Amino acid sequence: MTITPAPETTPASVSALTLEEKASLGSGAAFWTTKAVGSVPRLLLTDGPHGVRKQIAADDHLGIAPSAPATCFPPAAGLAQSWDPALVERVGAALGVEAAERGVNVLLGPGVNIKRDPRCGRNFEYFSEDPVLSGDLGAAWIRGVQSEGVAASVKHFAANNAEHDRMRASSDVEPRALREIYLRSFERAVRGGQPWTVMCSYNRIDGVFAAENRWLLTDVLRGEWGFDGAVVSDWGAVTDRVASVRAGLDLEMPARAGSDDQVVAAVRDGSLSEEKVDLAARRVAALAHRARPRRPEREDASRASHHDLAREAAERSIVLLKNDGDVLPLSRSGRIGVIGEFAATPRFQGGGSSRINPIRVDDALSAIRQAAGDAEVHYAQGFSTSTDEAADDGAQLDAAVRLAEASDVVVVFLGLGDHDESEGFDRDHIELPPVQLRLLARVATANARIVAVLTHGGVVRLAPVTAAASAVLDGALLGEAGGSALARVLFGEVNPAGRLAETAPIRLEDSPSFLSFPGEHGHVSYGEGVFVGYRWYDARRLDVEFPFGHGLSYTSFDHRDLRLEHTATGVRAVVSITNTGARAGREVVQLYTALSDTRVSRAPRELRAFGVVDLEHGEKQDVVLDVDIAALAHWDRRVEGWVVEGGRYLVEVGASSRDIRVSGTITVDRRGDRPAFTAESTISEISEHPAGAGILSALLGGSRSDDAAGQELGMDLARMLASFPLNRLGPFGTPEGAGRLEQVLTALNSED
Ligand code: BGC
């Protein structure tokens, strides 16, 4: 992949501009465009992320006019299930080609927000509940798009994990969770993908709008992560342009009357420094020079090969959740009953700003008919998503049951419709529509061989499905070619290899943020801290319907012989994977780490690396997984920095977060700053320092044993005293004692 070098810090095109011109570079000309100013060309930005949504007609103020046909790739909820960065990068490159051919300079994606709660209406646009998976897939997407000279815009930065009240609410996240979960996803996408733009979110973070958050947009994004591009606002996220420019926002979108004048006035009255305006203008100019698509615009930008890629991506994104009695793959003889509206009229993407006008859509029913060979295929709609779903359609239901009775195997398509979930609102439950569950139950009494195929953006409660169906294929949302992809998996032309990127809980009430979602009174308290997704279910030892990382195959794999070694940047794991089954297949190898001897609250296991391997039957290959040492760090608020705890780490490699096949340990040295010792440090903190324990006992003298004194009081005195701050201990209470303590602390703090 070609990486365009970082822009010059002072494009010549900006130095000659007036203040008014520089200010005008920092806001849109219309809904999707920026202004051409001097020699700085205009930019065309469009959504994103899973296709190019370029409006055909003139901009309307809501940006909802029809868009030109474009390939609709699987949205992130589907694509993430591939766990395959190389595939995601190819999808990104194809998106880059289509954007370029339509004259688009910036494609608004990927969305790398963490799926904090199953109810978030926009989970279909996000990759995962885990920051490593989410961030690494996001980075791959960015590299792909930008290889075509089109800028990516990683969004929505940051802690935008609910749709409810998204334009006002404050996400109140404690520092460890913010750093280790929510920002880590962005950090990996930014470091690994080097995006040319980042889109800040609507919400506040700890009370400060993302669009006005200097700490976020400047200190962390640029200062710590080295981001060298332009920060763009989410559409309509700016309420105070001057405050935003001050914080490090470069481009307000879309156009807003008077916004540039406010900037000019603030510079003139001295409340905003002109340097900030220069900086923003230079970054927008640099973006405008950098984001120059590598190929010319074409009239007819439809590409058959992109439909094939969309199908390949969909195939790789399908998860086989269950396959009792090897009901799948289907045989190409006998009678196959296909039931459910989604088979004939697929739902393949979510609703809202990412809605693509697809070039062509494959429906599963036609694809099944085509692929069925000698099998007879019959269809019954069963239910309708367009009518009131509370009521059964008796005639449709009866026809479905009759079809099930007359079939050798039944494939039932179930899922959420457009009105059940979309951008802009959150769900308040995770149930499939009751009419569909009633249909499934009836059909299952008529035929024991049921295959359920699921369509949904957000997670659904699966117990009623797994109870009724022998096999379950989870397609999430698969894009325009999902129908043919499903048929190929159903008949075994493709061996499924997708894995869940989000835990499927048994009940919504089990989920980590159940009690604090979507927040109230303008605040969302992220009370579950770092325990998001599987980190929570594992720490609470809760059963789940299907764990994070789960997915079956038509073949089987053996994991063995884990070798761990140190590298210059971290830890390398090598594991031998053998395809022990009868057909070729792909294994997704997942590496988790744990540290039991820890001073901080940690999940029992955390994903640190993953990889895919394609194996013929009987074939064996070594898979290499590298873990950067930084991935093991936790955030220490006392030192405002990352700390890697020293110790013996457990490294687990397996086929899901709850299917660990092989493990080993490796010792890692401590890294990171230590908080300075103060008079408020506790006995236990001082005792942890190699020299601390000795110094303490010398200072405190050989007083009578804690044991004896404790026995009199009926308590473990040593443990109680461990949390005593030093300055509350008698010997250090006097001026002379305090002086001696000060000397000791100075000595300890000067040691390494
Ligand atoms: C969404 C963004 C989108 C933008 C432009 C906003 O409402 O949050 O994801 O890119 O609109 O359509």
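The values are calculated or read from the model by the stated rules, or taken from the named source; none is laboratory data. Predicted, not measured: the structure shown is a model, and the values here were computed from it. Note that we place each Cβ from the backbone using ideal geometry, even for glycine, and neighbour counts take in every protein chain shown. Side chains are part of the model used for accessible areas, which takes the heavy atoms of the whole protein and leaves out ligands, DNA and RNA. Shrake-Rupley method; radii C 1.70, N 1.55, O 1.52, S 1.80 Å.
Put +1 on the Cβ of each Lys and Arg and -1 on the Cβ of each Asp and Glu in the chain; which of HIS429, PRO518, LEU607 then has its Cα farthest toward the positive end of the dipole? Farthest towards the positive pole: LEU607. In a reduced charge model with +1 at each Lys and Arg Cβ and -1 at each Asp and Glu Cβ, the chain shows a dipole moment near 880 debye about its Cα centre.
Enter the accessible area per residue of the range 595-636 (Å², integer; probe 1.4 Å; all protein chains in place).
47
Contact order, relative form, for the range 160-206: 67 percent (alpha carbon pairs under 8 Å, 6 or more residues apart, mean separation divided by residue count). Solvent-accessible area per residue in the range 292-382 equals 44 Å², computed with a 1.4 angstrom probe and all protein chains kept. Which of rounded, prolate, oblate describes the range 364-419, given a ≥ b ≥ c as roots of the alpha-carbon gyration tensor eigenvalues and a/c under 1.5 marking rounded, otherwise prolate only if a/b is larger than b/c? Oblate, since a/c reaches 1.5 and b/c is not below a/b.
Using a 1.4 Å probe on the protein chains only, how many percent of the accessible area of the chain belongs to carbon and sulfur? For the chain, the apolar C and S fraction of the accessible surface comes to 50 percent.
Scanning residues 5 or more positions from HIS550 or on other chains, those with amide H under 5 Å from its amide H are LEU500, SER657, with H placed 1.01 Å from N in the peptide plane.
How large is the Kirkwood hydrodynamic radius of the chain, in angstrom, based on all distinct alpha carbon pairs? Computed over Cα pairs of the chain, the Kirkwood hydrodynamic radius comes out at 27.9 Å. Label reach from ARG332 (point 7 Å along Cα→C-beta): in the range 450-488, amide nitrogens under 15 Å belong to 487-488.
Taking trypsin sites (Lys or Arg not before Pro) across the range 278-348, the ones in a DSSP loop with at most 15 further Cβ atoms lying within 10 angstrom of their Cβ are ARG294, ARG298, ARG332.
The GluC sites (Glu not before Pro) of the range 264-318 that DSSP puts in a loop, and whose beta carbon has at most 16 other beta carbons within 10 Å, are GLU297, GLU299. Note on LYS322: aspartates and glutamates with a C-alpha under 12 Å away, same-chain residues under 8 apart excluded, are ASP474, GLU545. Taking the helices alone, the chain has a mean residue ellipticity at 222 nm of -8000 deg cm²/dmol, built from -39,500 (n - 2.57) per DSSP H run of at least 4 residues and averaged over all its residues. Summing Cβ point charges (Lys, Arg +1; Asp, Glu -1) relative to the Cα centre of the range 389-539 gives a dipole of roughly 580 debye. Judged by the ratio a/c of the largest to the smallest principal axis of the C-alpha gyration tensor, the range 280-325 counts as oblate, that ratio being 1.5 or greater while a/b is no larger than b/c. For the chain, the antiparallel share of DSSP beta bridges with both residues in that region comes to about 60%.
Dipole check for the range 31-153: with +1 at the C-beta of Lys and Arg, -1 at the C-beta of Asp and Glu, and the Cα centre as origin, the magnitude is about 260 Debye.
Accessible surface area normalised per residue over the range 454-527 is 26 Å², counting heavy atoms of protein chains with a 1.4 Å rolling probe. Determine the alpha carbon to alpha carbon distance for each of LYS54/LYS276; LYS115/LYS620; LYS115/LYS276; LYS35/LYS115; LYS22/LYS54 and list only those over 29 Å. Exceeds cut-off: LYS54/LYS276; LYS115/LYS620; LYS115/LYS276; LYS35/LYS115.
What the phi angles of the range 474-486 give under the Karplus curve with 6.51, -1.76 and 1.60, with θ = phi - 60°, is a coupling list of 9, x, 6, 10, 10, x, 5, 9, x, x, 6, 4, 4 Hz, glycine and proline written as x.
What do the square roots of 5 times the Cα gyration tensor eigenvalues come to for the range 142-291, in whole Å, largest first, as semi-axes of the equivalent ellipsoid? Don't jump to the answer; show the numbers that get you there.
On the way: eigenvalues 105, 80, 38 Å².
The three semi-axes for the range 142-291 are 23, 20, 14 Å.
Mind listing P(r) for the range 298-355? All alpha-carbon pairs, 5 Å bins, whole percents. Bins of 5 Å from zero give 4, 10, 11, 20, 23, 14, 8, 5, 3, 1, 0 percent of pairs.
Counting only Cα atoms, the size of the range 437-546 along its three principal axes is 48, 31, 28 Å, in decreasing order. Ordering ALA86, ALA343, TYR537 by Cα displacement along the dipole of the chain toward the positive end leaves ALA86 in first place; charges were set at the Cβ atoms of Lys, Arg (+1) and Asp, Glu (-1). Ordering SER681, ALA633, ALA655 by the projection of their Cα atoms onto the charge dipole of the range 613-688, which places +1 on the Cβ of Lys and Arg and -1 on the Cβ of Asp and Glu, puts SER681 at the extreme positive end. Of the trypsin sites (Lys or Arg not before Pro) found in the range 607-669, those that fall in a DSSP loop while having at most 13 other beta-carbon atoms within 10 Å are ARG637, ARG638. Under a 5 Å amide H cut-off, with hydrogens placed 1.01 Å from N, LEU108 pairs with THR46, ASP47, GLY48 among residues at least 5 apart or on other chains.
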